1. Given axes a ≥ b ≥ c from the Cα gyration tensor, I'd like to know whether the stretch 132-171 is rounded (a/c under 1.5), prolate (a/b larger than b/c) or oblate.
2. Sorting check: for 269-279, 26-36, which peptide has the highest mean count of neighbouring beta carbons within 10 Å, and how do the rest follow?
3. Using Stokes-Einstein with the Kirkwood hydrodynamic radius over Cα pairs, what translational diffusion coefficient do you get for the stretch 16-344 at 10 °C and a viscosity of 1.306 mPa s, in µm²/s rounded to a whole number?
4. If the reach is capped at under 16 angstrom between alpha carbons, list the aspartates and glutamates near Lys202, excluding any in the same chain fewer than eight residues apart.
5. So what J values fall out for the stretch 195-206 if you push phi through Karplus, 6.51 cos²θ - 1.76 cosθ + 1.60 with θ = phi - 60°, rounded to Hz, Gly and Pro as x?
6. What does the highest-first list of 318-328, 153-163 look like by mean Cβ count within 10 Å?
7. Among the lysines, which fall within straight-line cross-link reach of Lys315, defined as a Cα-Cα distance under 23 Å, with same-chain neighbours fewer than 8 residues apart omitted?
8. So what is Rg over Rh here for the stretch 277-322, counting just Cα atoms and using Kirkwood for Rh?
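Readers should treat all values here as calculations from the given coordinates under stated rules, not as data from a laboratory. Keep in mind the model is a prediction, meaning the values are calculated, not measured. Heads up, the Cβs are rebuilt from the backbone with ideal geometry, glycines too, and the neighbour counts pull from every protein chain shown.
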Amino acid sequence: MFTSRTRLPHFAWPASPVFQVGALVVVLFLVQWVPAEVWAAYPELAITQRFLCDVAPRILLLCLMLALVLHLLERSLYKHLQRGGAVRLPFSLSTGLFVVLFGCSKLLMLVQSRIDQFTRGQRLALLTIALSSAGGLSSLALSAVGYPLYQLLLANLLLTALMTLMMLPLMGGGRQDNLLLRPDNDTPFRTRCLAFLSGGSKLVVNMTLVISVMESLLQRYPLDSVSVNRLVWLPERFFTALGFSPEYTQALAYHWVVKNLVNRDMAMIGLAEEGWLFQMPTIEQFLVVTQFVSIVGVSTVLIIGLNIIAMFGRKGWPLFRLMPLAVVLSTLLPLVPVLLLTGWR
């Protein structure tokens, strides 16, 4: 029986990461049992429903996998250094590797205590590479809505590799101490898993809110034809110049605008829901994936900007001032593989 002096266990408090992760898992489990008739009554939440049922559970599973990868890497590095070994990797290689695996936010967490060691060029390169990526291996969760897993993985690798090569002049040559990974033999695997799951849970909640709100607004207050024509004019000309059929160019341009102004996942899920994308030839389908899989967009930039302020404080101001230039560079990056592959077609 509870009394006024009864103290709940730490994990039972709403602010506890265990409570937050457990609550989200329960919600995702219950969502799977919602009858289709109920979802059909809310067509304005079709993309949100697909995200919660198919994509969100995979994000949490991928967070567990990433926790295992980082745990093994840091333990292996610790043992290697204990045996008298040394780890000297190119800054560009270590940055690209971590962006491919963990994405932007985790990369910022890894460099939080060492941001003063980076030059201005290295900060710009790090931020640009992170924004131009697919957000780490968590992007593979989009395979739940029909995107081929190998295309998502290849696009993630290709975008990160191209931007890393383009940023080499800013990152410095030669080999240097790895500034991203630190030996760790003290953090228990359970603690690391909980930290990754907590971060993944917050990501799922934030994305669900953004997708549901924007989807409802677009359904109830659709853009008038004049606004649509103004927004999609340039991307529509771009997709036409690449050789896509006229029947696809307007839809691709519209979803590209949604991706950049609203949310990457909302655009890609909406694109998959229409079905015609997976009827395209493989090379054209992959070209589309490279245009949509990067995380750069208005909502993402706002979230990452707030994360920089929250994590770095005053030290993050030099990094924050580089955001506009990094956004421009990371937006233009996906054009490179498209132009290359289009030339081979």
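1. Because a/c hits 1.5 or more and a/b exceeds b/c, the stretch 132-171 counts as prolate.
2. Descending mean neighbour count gives 269-279, 26-36.
3. D, rounded to a whole number, is 76 µm²/s.
4. Lys202 reaches Asp265.
5. So the J values, rounded to whole Hz, are 5, 5, 5, 5, x, x, 5, 5, 4, 4, 5, 4.
6. Packing order, densest peptide first, comes out as 153-163, 318-328.
7. Counting by Cα, and skipping residues close in sequence, Lys315 has these lysines nearby: Lys106.
8. Result for the stretch 277-322 is an Rg/Rh of 1.30.
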